[in-house]
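The values are calculated or read from the model by the stated rules, or taken from the named source; none is laboratory data. This one's a predicted model, so the numbers in the text were calculated from it and none came from an experiment. Here the Cβ positions follow ideal geometry from the backbone for every residue, glycine too, while neighbour counts run over all protein chains shown. Remember, those area values only see protein heavy atoms, side chains included, never the ligands or the DNA or RNA. Shrake-Rupley method; radii C 1.70, N 1.55, O 1.52, S 1.80 Å.
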Amino acid sequence: MKMKKYYASSIPEAMKLVRADLGEDAVILNSKVVVTKKFFGLVKKKSFEVVAGIDKMEPSNMAPAPTATLATPQSSKENASLQEITNAVQAKIHPVQPKQDTTLQEETGIPEELRKEIADLKSLMQSMHKKTTQAQYPDELLPFIEYLRQQELNEELITMIGDELFMHFKEAAEINFSQCKLITKNLLRKKLEGLPIGGLTYERKYINVLGPTGVGKTTTIAKMAARAVLEKKKKIGFITTDTYRIAAIEQLKTYAGLLQAPVEIAYNATDFEQAIQRLSHLDLVFIDTAGRNYKEVKYVDDLQRLIKFDDQAESFLVLAMTAKEKDMTDIIDQFKQLPIEKIIFTKIDETNSIGTMINLMIKYNKGLAYYTNGQEVPEDIEEAEIEEVLNLFFQGEEK
């Protein structure tokens, strides 16, 4: 591969130099801002250093080199370019599509030394991606961009925010953390506007509370029910379908006793129908579902056969903020066939980042009902408001 460095006063100028010298097939390997000092250090001048390369091997031996886009704040294509480089190298070594649940050597027959080279190349690409991302924005913006990453906001949203911050920086020549925070809040607010935000509507009789095991569904139900009784003076009752854990039934009975509310246990669809009839005189009926591994489709199907999801029911999906975003994504995907409009996030006090909450709301167009921040009933639960969620996002910066 032929590689060469280019210096220019702007990214577009650097791009022109690369294309004029190496052609359209050039690959951008790295880019960064270079500061030079003149007149005894009194004057600073910024320029851009770009490392580009082009594959000069014969076409018969090598796959076509992927084109790359120079990293600029207005374009986030560098991720794809770096991935294309990795994919291209793997394809050149062996074009076989890898199979699941096998080692790389079993998949392709690649010798150990080549396998190690591929691993090293992936590591290099990741390092280059980080450097390229840092070169996108002025140094003054990098601490704030890093804060967004620490809050685990996804890269698409970070790029959107970073581009907007860069435009403001160009106009004002300087920008502080407070200004960055204000701009970010405005952008995220626009993304969240239109989603259903807030707790119980008190317009539907049955409250279905769904979610995997260990997220705190029963405690969350108790908090919601206690507020309905103490603040709204509603007559309530409970139905539990969680017959897999005796402790869950006893826990719900304890809360029901404190609220002087009846509890019905449903082992099957017939029990559930009878429980509905016995509690028909109440204002609200909270339905506690079994905590299962809802990454398996059959459990969601069982739930759908047992519980009614009609216009008299309001359904909430409970997720724990301590879980991985990928796991929460899988769970939401499994529940997509059910009419769930809002999510309840629990254990928010056990994490230092809430970017995942915002990521999932925007990705799945789901609203937010409540978030819980402790075990106390009914105190440790907050009804969602967009402004409070945005303030919560920046709580880590204030600590």
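Name the long-range amide H neighbours of LYS235: under 5 Å, sequence gap of 5 or more, or other chain; modelled H, no Pro or chain starts.
The answer is ASP283, LEU284.
Tell me, what is the percent relative contact order of segment 134-255, built from C-alpha pairs under 8 Å that lie six or more residues apart?
15
Work through the residues other than HIS168 whose Cβ is under 14 Å from its Cβ and net out their charges, Lys, Arg +1 and Asp, Glu -1.
-2
Can you give me the % of accessible surface on segment 275-399 that is carbon or sulfur? Probe 1.4 Å, all protein chains present, nothing else counted.
41
Over the Cα atoms of segment 145-302, how large are the radius of gyration and the largest Cα-Cα distance (Dmax), in Å?
My reading of the Cα-based Rg and Dmax gives 22.4, 69 Å.
Under 5 Å between amide H atoms, partner at least 5 residues away or on a different chain: which partners does ASP288 have, H built in plane at 1.01 Å?
Those qualifying (amide H under 5 Å, at least 5 residues apart or on another chain) are ILE239, THR240, THR241.
Only loop residues by DSSP count here, and only those with at most 12 other Cβ atoms within 10 Å; note down the GluC sites (Glu not before Pro) in segment 181-253 that meet that.
GLU193, GLU203, GLU231
Could you give the Stokes-Einstein D for segment 181-251 in µm² per second, using the C-alpha Kirkwood radius, 20 °C, 1.002 mPa s?
The Stokes-Einstein estimate is 142 µm²/s.
Just the number please: accessible area per residue for segment 341-386, 1.4 Å probe, all protein chains included, in Å².
Per-residue accessible area for segment 341-386 comes out at 40 Å².
What are the semi-axes of the equivalent ellipsoid of segment 233-384, taken as the square roots of 5 times the eigenvalues of the Cα gyration tensor, listed largest first and rounded to whole Å?
26, 19, 15
Taking the full set of protein chains and a 1.4 angstrom probe, give the accessible area of ASP330 in square angstrom, rounded to the nearest 10.
Its heavy atoms expose roughly 40 Å² to the probe.
Students often get this wrong, so check it: of LYS232/LYS253; LYS205/LYS363; LYS217/LYS347; LYS233/LYS253; LYS191/LYS232, which have C-alpha atoms separated by over 23 Å?
Listed pairs above 23 Å: LYS205/LYS363; LYS191/LYS232.
What are the ³J(HN,Hα) values, in whole Hz, obtained from phi via the Karplus relation 6.51 cos²θ - 1.76 cosθ + 1.60 with θ = phi - 60°, for each residue of segment 335-352 in sequence order, with x given for Gly and Pro?
Listing the rounded values in order: 8, 5, 7, 9, x, 9, 9, 10, 10, 10, 9, 10, 6, 5, 6, 9, 9, 9 Hz.
Ignoring everything but the protein chains, give the 1.4 Å probe accessible area of ARG227 in square angstrom, nearest 10.
50
Where does each of ASP139, ASP288, ASP310 land when they are ordered by accessible area, with a 1.4 Å probe and the largest first?
The ordering from most to least exposed comes out as ASP139, ASP310, ASP288.
With all protein chains present and a 1.4 Å probe, how do MET3, MET167 order by accessible area, largest first?
Largest accessible area first, the list is MET3, MET167.
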